[in-house]
There are 2 protein chains.
Amino acid sequence: MNDRSTTPVGQLSRQMLVDSVYDRLMALIMDQQIRPGSKISIDALVRELGVSSTPIREALARLEADGLVLKESMRGYFATEQLSAAEFDDLCQFREVVEGWAVSTAALRATKADIEALQAELDTVPRPLDGDDYESFRRLQEHDVRFHMRLLQIAGNQALTTAFQRTHPHVRTFRLRYEAKQGNSAIREHEAIVAALRQGDPKGAQDALISHIRATANRIRPWLDT
Amino acid sequence: MNDRSTTPVGQLSRQMLVDSVYDRLMALIMDQQIRPGSKISIDALVRELGVSSTPIREALARLEADGLVLKESMRGYFATEQLSAAEFDDLCQFREVVEGWAVSTAALRATKADIEALQAELDTVPRPLDGDDYESFRRLQEHDVRFHMRLLQIAGNQALTTAFQRTHPHVRTFRLRYEAKQGNSAIREHEAIVAALRQGDPKGAQDALISHIRATANRIRPWLDT
DNA sequence: TTTCCGTGTTTCGTACACGATACGCGATGC
DNA sequence: GCATCGCGTATCGTGTACGAAACACGGAAA
């Protein structure tokens, strides 16, 4: 989403203030240093981040489009509330529909190179997942995002990939995932998906993916409403 | 998307400048008065719309999230290019996946009231579709958007509805739809969908919807690349 | 307790300074 | 003569500073 590396012909595009503010706010929200539902004051950010209001407003506008903050007229911005159980289930259902179609399509389209790229992604995960610490989790989470995005890309539908990306399912369940500590099982489920893709089995891949999403959901669900 | 009627407890939220700028730009893009691919200068808009840059920037940020304009660092905003054939097909595929699931779910969930609301929506369309003029088309288009949104709402998945809404399939094919003049057939296909829903037939509803999307796509496709 | 009002805080919008990009023109090299 | 390169100017995006309007909160009065 934030890969604004337009990169005008070989030259790295300068990091605008908007981008760094966006990244910092995203991090603050993900780590819950900005609590769900709490007010996000532009003035406070001006003082805290040491930049003027314009880039902050633009970053907030972007975050609003991402569904991570909410704007109320003449009242300001607020962090979106923690997912309710119903919203969480909606999100999982959405993933089943979109990713389910994507993997079954991917099973028919995947090249050798695609499969190997997926395998390489799996192999880079440090195993056994030793660390209980925040950084280890963060690396795992980033692996998970890359893995699922790659599945979508293999399916090859840009509109669908973008729509998925914009719902930010990973970001919105970040804290929950952290608390649920679900690393090793998730990796095994990923392997099952890759195995089905390798055999070119659409139905098998779809089943494996849906099992994975449901298993993840079951691991996370106890942490809702806390 | 632009229903920012946060409405702080019964009181209508004041129309901010951002909102009116957003609406005007949306109209300019839909009507192709801003050509696909062309530059959108902030300064020019400042002069033309008579407001300062801040609300314009925020409106453009929103439109970027909607995928209707594109921003390049230090170079400015551009209207997104006209859909290529491949992008158009992606969009149709996306609709088949998302809306297909939605109607089959809707067939199981729809109440009498839901069905009647859909029927009412169909009945409000002026028939026979006499006007070849722009205004008639516009009314038809708005009907179509309402009809499809209502289908999604009956399915009851907010995450999926939002994701669909944010891809703006209708907006992005507006001009094409206008040129393809496809009114009467579309209405009949809508009726087939409602009939299947009325019978509580998930498979039938899904088939009817997919037929509708493909028929629409076939009517529109000749107008691509013009 | 409820309503009204004043004060402080924050958002919304404007005006302006700075810096980067784009474009045209002329000079240079082949 | 033609293409390429470099320079200077105009234009536009980015960020700052400031004023005006709206909201939120607390105290006072009925």
Restricting attention to the stretch A:193-216, which residues are crowded, with 16+ Cβ neighbours inside 10 Å and within 23 Å of the chain's Cα centre (by Cα)? A:193, A:194, A:197, A:205, A:206, A:207, A:208, A:209, A:210, A:212, A:213, A:216
Checklist (1) among the aromatic types (Phe, Trp, Tyr); (2) open to solvent by 40 Å² or more (accessible area, probe 1.4 Å); (3) closer than 28 Å to residue A:161 by Cα applied to residue B:147, failing item: (2)
Name the residue that is least open to solvent (accessible area, probe 1.4 Å), counting only residues in the stretch B:21-48 that are within 16 Å of DNA strand C (Cβ to nearest atom) and outside any helix (DSSP H, G or I). B:40
Touching a Phe, Trp or Tyr at 6+ places or on another chain (Cβ under 6 Å) and under 30 Å from residue A:60 (Cβ atoms) - does that describe any residue in the stretch B:98-111? yes
With the structure loaded, tell me whether residue A:95 is more than 15 Å from DNA strand C (Cβ to nearest atom) and basic (Lys, Arg) or whether it fails that test. yes
When the residues of the stretch B:108-117 are narrowed to those that are over 16 Å from residue A:93 (Cβ atoms) and assigned to a helix (DSSP H, G or I), which ends up most open to solvent (accessible area, probe 1.4 Å)? B:112
Give the stretch A:85-94 a look and list any residue that's touching a Leu at 6+ places or on another chain (Cβ under 8 Å) and facing another protein chain (nearest Cβ under 10 Å), or say none. A:88, A:90, A:91, A:93, A:94
Among the residues of the stretch B:7-22, are any more than 15 Å from DNA strand D (Cβ to nearest atom), within 12 Å of chain A (Cβ to nearest Cβ) and modelled with pLDDT of 90 or more? yes
So which helices (runs of 4 or more DSSP H) stay within the stretch B:145-214 end to end and still have 1 or more residues that are of a type in the set (Asp, Glu) and assigned by TED's automatic domain parsing to the domain that holds residue B:106? B:174-180, B:183-198
Out of (1) over 16 Å from the mean Cα position of the chain (by Cα); (2) more than 15 Å from DNA strand D (Cβ to nearest atom); (3) at negative phi, the odd one out for residue B:50 is which? (3)
State whether one or more residues within the stretch A:188-196 are out of contact with any His (no Cβ under 8 Å at 6 or more places or on another chain) and either over 22 Å from residue A:125 (Cα atoms) or aromatic (Phe, Trp, Tyr) (or both). no
Any residue in the stretch B:100-119 that is within 18 Å of residue B:213 (Cα to Cα) and outside the structural domain of residue B:152 (by TED's automatic domain parsing) sitting within a Cβ distance under 9 Å of a residue that is among the acidic types (Asp, Glu) and in a helix (DSSP H, G or I)? List the pairs, counting only those 6 or more apart or interchain. none
Considering residues that are in a helix (DSSP H, G or I), open to solvent by less than 20 Å² (accessible area, probe 1.4 Å) and within 11 Å of DNA strand D (Cβ to nearest atom), the number found within the stretch B:57-89 is 2
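Per-residue answers, yes or no, for (1) within 14 Å of another protein chain (Cβ to nearest Cβ); (2) of a type in the set (Phe, Trp, Tyr); (3) open to solvent by 20 Å² or more (accessible area, probe 1.4 Å):
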| residue | (1), (2), (3) |
| --- | --- |
| B:100 | yes, no, no |
| B:151 | no, no, no |
| B:165 | yes, no, yes |
| B:170 | yes, no, no |
| B:177 | no, no, no |
| B:183 | no, no, no |
Restricting the stretch A:55-80 to residues that are more than 7 Å from every other protein chain (Cβ to nearest Cβ) and more than 20 Å from the chain's Cα centre (by Cα), the one nearest to DNA strand C (Cβ to nearest atom) turns out to be A:76
Neighbours by Cβ (under 7 Å, 6+ apart or cross-chain): first from the stretch B:35-51, more than 14 Å from every other protein chain (Cβ to nearest Cβ); second assigned to a loop (DSSP other than H, G, I, E, B) and within 13 Å of DNA strand C (Cβ to nearest atom): B:46/B:52
Assess whether residue B:125 counts as being in a loop (DSSP other than H, G, I, E, B), farther than 26 Å from residue B:36 by Cβ and open to solvent by less than 20 Å² (accessible area, probe 1.4 Å). yes
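The values are calculated or read from the model by the stated rules, or taken from the named source; none is laboratory data. Just so it is clear, the structure is predicted and the values come from calculations on it, not from any experiment. Cβ coordinates were reconstructed from backbone atoms using ideal geometry, including for glycine residues, and neighbour counts include every protein chain displayed. Note: areas computed on protein heavy atoms with side chains; ligands, DNA, RNA excluded. Shrake-Rupley method; radii C 1.70, N 1.55, O 1.52, S 1.80 Å.
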